[in-house]
Structure formats: structure tokens, C-alpha cells
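Report on one structure; see the data block that follows.
The values are calculated or read from the model by the stated rules, or taken from the named source; none is laboratory data. Every value quoted in this text rests on a predicted model; they were computed, and no experiment measured them. Heads up, the Cβs are rebuilt from the backbone with ideal geometry, glycines too, and the neighbour counts pull from every protein chain shown.
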Amino acid sequence: MKKRLMITVDGPAGSGKSTVSRILAEKISYMYLDTGLLYRAIAYRAMQHGISIADDEALRELCDGINIPLETCGDMRVLIDGEDVSDNVRTEEIGMLASSISAVPAVRDALLPLQRSAGKHGGIVTEGRDMGTVVFPNADVKFFLDADVDERARRRYEQLIENGGNANLDEVKQGLKVRDYRDTRRTVAPLRPADDSVVIDTTGIDVEGVIEKMTIIVEKHARQAGS
């Protein structure tokens, strides 16, 4: 592929967007940006320091210390004030707090330039909840992944167990419902498909099947861009 495309992948928690975005980026030798990890990092640091989500100034200062050393492939890492916090933020507790923090205008305003700077030259797969609608509205290819809540809960539960955590499937499912409600109804950048996004229901489809669908679409756009 000649042109370095900007590819966005949005969707609710457990839809598979992180897994497929990372694999897709590696497959086509693009950089990978997990914006959810940025908000989780801020949430983790806020919890460490006892910062309230109502303290806009303190949250903004946390954003000032964030750094993302992007790599072509592999897991994304996030540093805050030089400390790599990437492995400390995958809990459900941090996920719930990140969902609240991501709705804080001061945080979104502070992280927006960082995200756009990472993607300004294309050649990147970026995933989150408002990549195609707010952060990169002019992206070349936009995907929105979804799945029914039972499947998303099962995936999240298995991920937590695999990472050595303790989890209850019913509690995970309820947590997803809360996050879905919060993310889709917040006034700032609510979760929704962009008008020009390709919506893929991943229910009952394995990772390889989703990647195949996405790759076909990306290659088509790359050919059109190079013609």
C-alpha cells in the first residue's frame, strides 16, 4: 500500500477493537494508538494521588506529563512523568474511572493535540470511542465494532482471568452496561458510529474473521488512494 492511511476503530468495551486494531496495525506495518489506554493512565494516576474527577486543573496537569512512545507494532506503552504505567491500568476499577474521566472536557481538550499529533502523518491504526467522530473526523477508513453485551462480557471476563485478576461474569456484564450507558449518553463526544464508518458486528466472529473483513476494506481504500 502506497499511501499511509489514517484508520480509526471505535466501539464499546469488549467489542474486540483493541485486539483487532493491534493485529491489523502489525499486519500492515502501521503504528498503533490505543487512546483508551491514555484515559486509563490518567485514571490510574488520579487514583494514586486521590484526585477527584471534579478537579479539572489537577487532571489537566496529569495530562501534561503524559508521553506515548509509539512503535510500529506490539503493545502500546504509556508514560506519565517518565513512569511506564501501561501494565497497571487493565483492571475493571480503572476502566470504570477512565470512563468517567474521559467525559471531563479539560482532559479531552488536553489529550486531543497529543492524539492528533500522533496521527498527523497517517500510517496509523487508532482506536477508542470517538476517533472517527471527533479526533480524526477526516480519517481515510473508519470502523465501528460492536457485539452483544453477553459476548462482550464473556470476552472481558476471560481477559481479566487470563491477566491473573479476579472477576465475576455477572459483575463484569453489569459494569459493561453501566459504561455503555455512560459512554453513549455523555454530552461530550458520546460513543456512536461516525456517519461514514463501516459497522462490524463481531458477535460470533473470531479475531481472524474480523481482521479479514477489515483488511479487505483497508486494501480497497489504499488502491483507490493510489489511483
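Go through segment 121-145 and report how many residues are farther than 21 Å from Glu26 by Cβ and surrounded by fewer than 20 Cβ atoms within 10 Å (Cβ to Cβ).
3
Do we have any residue at all in segment 176-186 that's within 20 Å of Ser99 (Cα to Cα) and assigned to a loop (DSSP other than H, G, I, E, B)? Quick ask: steps written out before the conclusion?
Filtering segment 176-186 down to residues within 20 Å of Ser99 (Cα to Cα) leaves 176-186.
Cutting the leftovers down to assigned to a loop (DSSP other than H, G, I, E, B) gives us 186.
The answer is yes, given that some residue of segment 176-186 is within 20 Å of Ser99 (Cα to Cα) and assigned to a loop (DSSP other than H, G, I, E, B).
Taking only pairs six or more apart or across chains, which ones have beta-carbon atoms under 7 Å, a first residue in segment 98-126 that is under 13 Å from Ala139 (Cβ atoms), and a second residue that is acidic (Asp, Glu) and modelled with pLDDT of 90 or more?
Sorted first by the residue in segment 98-126, then by its partner, the list stays empty.
Run Gly209 past the list (1) closer than 18 Å to Ile94 by Cα; (2) surrounded by fewer than 17 Cβ atoms within 10 Å (Cβ to Cβ); (3) in contact with a Ser or Thr (Cβ under 9 Å, 6 or more places away or on another chain) and report the number of the one that doesn't hold.
Of everything listed in (1) closer than 18 Å to Ile94 by Cα; (2) surrounded by fewer than 17 Cβ atoms within 10 Å (Cβ to Cβ); (3) in contact with a Ser or Thr (Cβ under 9 Å, 6 or more places away or on another chain), Gly209 misses just condition (1).
Quick one: which residue in Asp150, Asp195 is in a loop (DSSP other than H, G, I, E, B) and acidic (Asp, Glu)? Working first, answer last.
Working: Asp150 fails: in a loop (DSSP other than H, G, I, E, B).
Only one candidate passes the filter, namely Asp195.
Taking helices (runs of 4 or more DSSP H) that fall entirely within segment 22-121, which contain at least 3 residues that are more than 23 Å from Pro190 (Cα to Cα)?
The helices (runs of 4 or more DSSP H) meeting that bar are 35-49, 56-64.
Can you say whether Thr72 is of a type in the set (S, T, N, Q), surrounded by fewer than 17 Cβ atoms within 10 Å (Cβ to Cβ), modelled with pLDDT under 90 and closer than 17 Å to Val125 by Cα, as far as the supplied structure shows? Spell out the reasoning first.
Details: of a type in the set (S, T, N, Q): yes; surrounded by fewer than 17 Cβ atoms within 10 Å (Cβ to Cβ): yes; modelled with pLDDT under 90: yes; closer than 17 Å to Val125 by Cα: yes.
Criteria met by Thr72.
Restricting to segment 204-227, count the residues that are of a type outside the set (A, V, I, L, M), under 23 Å from Asp130 (Cβ atoms) and at pLDDT 95 or above. Please lay out each step first, then the result.
Taking segment 204-227 first, the residues of a type outside the set (A, V, I, L, M) are 204, 206, 208-209, 212-213, 215, 219-221, 223-224, 226-227.
Retained after the next criterion (residues that are under 23 Å from Asp130 (Cβ atoms)): 213, 221.
Next cut, at pLDDT 95 or above only: 213.
Going through segment 204-227 one residue at a time, the tally reaches 1.
Hey, can you tell me all the residues within segment 168-206 that are touching a residue at least 60 places away in the same chain (Cβ under 8 Å), within 14 Å of Arg155 (Cα to Cα) and among the aliphatic types (A, V, I, L, M)?
Selection gives Val172, Leu176.
Return the residue satisfying two criteria in turn: it lies in segment 167-196 and is among the small types (Gly, Ala, Ser) and over 16 Å from the mean Cα position of the chain (by Cα), and of such residues it is nearest to Asp130 (Cα to Cα). Steps first, please.
Start the filter on segment 167-196 by keeping residues that are among the small types (Gly, Ala, Ser), which leaves 167, 175, 189, 194.
Now narrow it down to the ones that are over 16 Å from the mean Cα position of the chain (by Cα): 167, 175.
On the way: Ala167: 28, Gly175: 20 Å.
Restricting to residues being among the small types (Gly, Ala, Ser) and over 16 Å from the mean Cα position of the chain (by Cα), the top hit is Gly175.
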